[in-house]
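Right, one structure below, let's go through it.
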Amino acid sequence: MPLRALLILLLLTLPRALAQGLPELGDASQAGFTPAQERRIGESIMREIRADRSYLDDPEAAEYLSNLGHRLAARSPDARQGFEFFLLRDPQINAFALPGGYIGVNTGLLLAAQSESEVASVLAHEIAHVTQRHIARMLAQQQQASVGTLAAFAAALLLSRVSGQAAEAAAAFGTAAGIQSQLNFTRENERDADRVGLQILDQAGFDPQAMQVFFERLQRATRVYEGGAPSYLRTHPLTFERIADIQNRMQAMSYRQVPDSIEFQLVRAKLRAEFEAPRDGIAYFERSLAERKFLSEAASRYGLVASLLRARDYPRARAELDTLRKLVPANAMVDTLTCEFGLQALGPQKTLPCFQEALKMYPSYRALVYGYPDALLRAGQPGEALKFVEGRMQAVSDDYRLYLLQARAYGALGRRLAQHRAQAEAYVRMGNVTAAVEQLQIGLKNGDGDFFQLSSAEARLRELRKLDAELRRDSGKR
Ligand SMILES: [Zn+2]
């Protein structure tokens with residue numbers, strides 16, 4: 001896939017990384033990476049990605065992508081493999097798999113796809129790279145690579161690619177011969193990922209034709225986007241040969257018309273409304289409604305309301321919202337948008353019932369789960385907010401957003417130690433252990449708290465200091 005640029009770069013740069021004498025992990029090349037090691041590499045790359053501004057931390061878009069990805073992954077040959085799907089704010093059409101089952105998708109891909117099956121086909125291909133252990137095997141080929149080295153280089157390259165400096169990164173490394181041998185190697189994997197991806201796509205109930213359609217669209221787009229791209233992109237493994245291969249396989253499968261989910265259309269409208277300037281967004285969705293040029297009227301109305309909200313045109317937003325709610329009677333995204341309207345136009349106090357009603361219908365919908373305690377805090381009810389957040393934490397323990405809300409609630413209640421402790425737990429889950437250590441130190445220094453809270457915080461501080469030191473050792477001379 002085009003999508004392989006990162007891994008190709010990763011492979012090309014590894015020998016150089018090793019030559020620098022960075023810390024080593026022993027002979028991973030002999031035994032191959034264990035799933036736990038792979039996960040660690042993936043997790044270190046994710047720490048960099050999550051801290052980057054291109055990481056799209058929108059709970060609705062993330063939840064949509066995650067649901068779609070897991071629906072596909074459930075049909076993969078290796079159901080034990082864990083996956084995490086995430087979005088990057090990047091107009092280029094791209095997606096990629098990292099070690100450990102992390103799969104990134106650019107917003108450009110979501111917006112360029114003409115059907116949900118097209119997005120699903122790309123995800124299925126990436127899932128196949130993971131379950132066919134292509135990435136694990138590529139990593140294992142690199143002799144004595146350290147986890148930190150791999151992660152540091154992958155992250156550096158990924159981020160340089162994301163911010164549009166791939167040409168510089170690529171120019172710095174690799175020879176034509178090296179690139180060619182990597183591409184030959186990758187071509188095998190590409191074919192394999194297409195084969196398994198197509199099966200996944202078919203079994204998950206999507207239209208297998210979409211894979212070919214989308215790859216052809218991708219090929220056209222690649223020509224537009226990558227005119228000045230380095231040579232490895234020009235000899236990229238997305239070839240006519242590969243498309244012909246997919247075509248052959250598809251002949252054995254039956255064509256099926258698969259309607260897109262409403263969420264697919266709504267998420268795209270949401271992203272478009274957020275990326276455009278408010279006035280341009282309003283014009284775009286007005287035009288699509290006037291000319292009836294849309295894949296979904298509800299989505300265009302949703303986009304119009306979102307754009308009107310950003311422009312603070314509340315009377316019109318309200319009118320359009322009423323029309324939208326008639327078009328889509330029961331939907332978590334529309335309910336969330338309704339509460340969002342309330343927050344902005346009416347204030348938090350008057351919007352609490354909106355959240356309470358919506359949560360009755362969608363008790364675990366993340367945008368609502370975060371939105372409600374936020375509204376409570378803004379309405380001056382930190383006790384209620386804390387009760388709600390801590391109730392949710394019983395079920396979900398790894399969500400940094402819940403800890404951030406908890407910290408705000410404790411802060412409003414004047415409980416300093418608890419506030420900094422919650423803030424520290426949020427940082428840990430965001431992958432910033434150093435900041436977590438600092439928070440606990442501040443909390444213990446300025447803090448209140450009884451004997452038990454103090455000794456618990458001290459024990460946690462010792463634990464995190466140890467973890468921080470391990471992570472620093474892992475990442476070597478980054
Ligand atoms: Zn691929």
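Laboratory data are not the source of any read-out in this text; all were calculated from the coordinates shown. None of the values given here were measured: they were computed from a predicted structure. Reconstructed Cβ throughout: ideal geometry from the backbone, glycine too, with neighbour counts over all protein chains shown.
Listed values, structure above:
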| item | result |
| --- | --- |
| Computed lengthening from Ala379 to Ala36, 0.36 nm per intervening residue step minus Cα-Cα distance | 119.1 nm |
| Charge context of Asp245, other residues only, Cβ under 10 angstrom, K/R +1, D/E -1 | +1 |
| Backbone N within region 338-366 under 15 Å of label point (7 Å from Tyr314 Cα along the Cβ vector) | 338-352 |
| Rg/Rg_ref, region 361-408, where Rg_ref = 2.2 N^0.38 Å and atoms are Cα | 1.02 |
| Candidate lysines - alpha carbon under 28 Å from Lys360, same-chain residues fewer than 8 apart omitted | Lys270, Lys326, Lys350, Lys387 |
| Of the trypsin sites (Lys or Arg not before Pro) in region 294-372, those whose Cβ has at most 12 other Cβ within 10 Å and which sit in DSSP loop | Arg312 |
| Length added when fully stretched, Arg187-Ser261, from 0.36 nm per residue minus Cα-Cα | 23.4 nm |
| Interchain or long-range residues, amide H under 5 Å from Tyr55's placed H | Arg89 |
| Packing-based exposure ordering (other Cβ within 10 Å, fewest first) of His134, His125 | His134, His125 |
| Under the Karplus curve 6.51 cos²θ - 1.76 cosθ + 1.60, θ = phi - 60°, whole-Hz ³J(HN,Hα) for region 68-77, x wherever Gly or Pro sits | 4, x, 6, 4, 6, 4, 4, 9, 7, x |
| Sites Asp322 and Glu216 - FRET efficiency at Förster radius 41 Å, r taken between beta-carbons, to 0.05 | 0.50 |
| Two-site label geometry, Gln344 and Ala330: point separation in nm, points 7 Å out along Cα→Cβ | 2.8 nm |
| Charge tally in the Cβ shell below 12 Å around Leu289, where Lys, Arg are +1 and Asp, Glu are -1, Leu289 excluded | 0 |
| Low-density loop cleavage sites - trypsin sites (Lys or Arg not before Pro) in region 34-112, where at most 12 other Cβ are within 10 Å (DSSP) | Arg53, Arg80 |
| Spin-label model distance (nm) - Ala74 vs Ala435, 7 Å beyond Cα toward Cβ | 3.4 nm |
| Percent of Cα-Cα distances greater than 18 Å, calculated over region 332-451 | 53 percent |
| Cross-link reach list, lysines versus Lys445, counting only Cα pairs under 23 Å and skipping chain neighbours closer than eight places | Lys466 |
| Region 361-443, dipole about Cα centre (Lys/Arg Cβ +1, Asp/Glu Cβ -1), debye to the nearest 20 | 140 debye |
| Net +/- balance of residues flanking Pro259 in space, Cβ distance below 11 Å, scoring K and R +1, D and E -1 | -2 |
| Cα centre as origin, Lys/Arg/Asp/Glu Cβ charges: region 37-102 dipole, Debye | 220 debye |
| Sorted by Cβ density within 10 Å, fewest first, the residues Arg421, Arg133 | Arg133, Arg421 |
| Magnitude of the charge dipole, region 344-408, Cβ model with Lys/Arg +1 and Asp/Glu -1, debye to 20 | 120 debye |
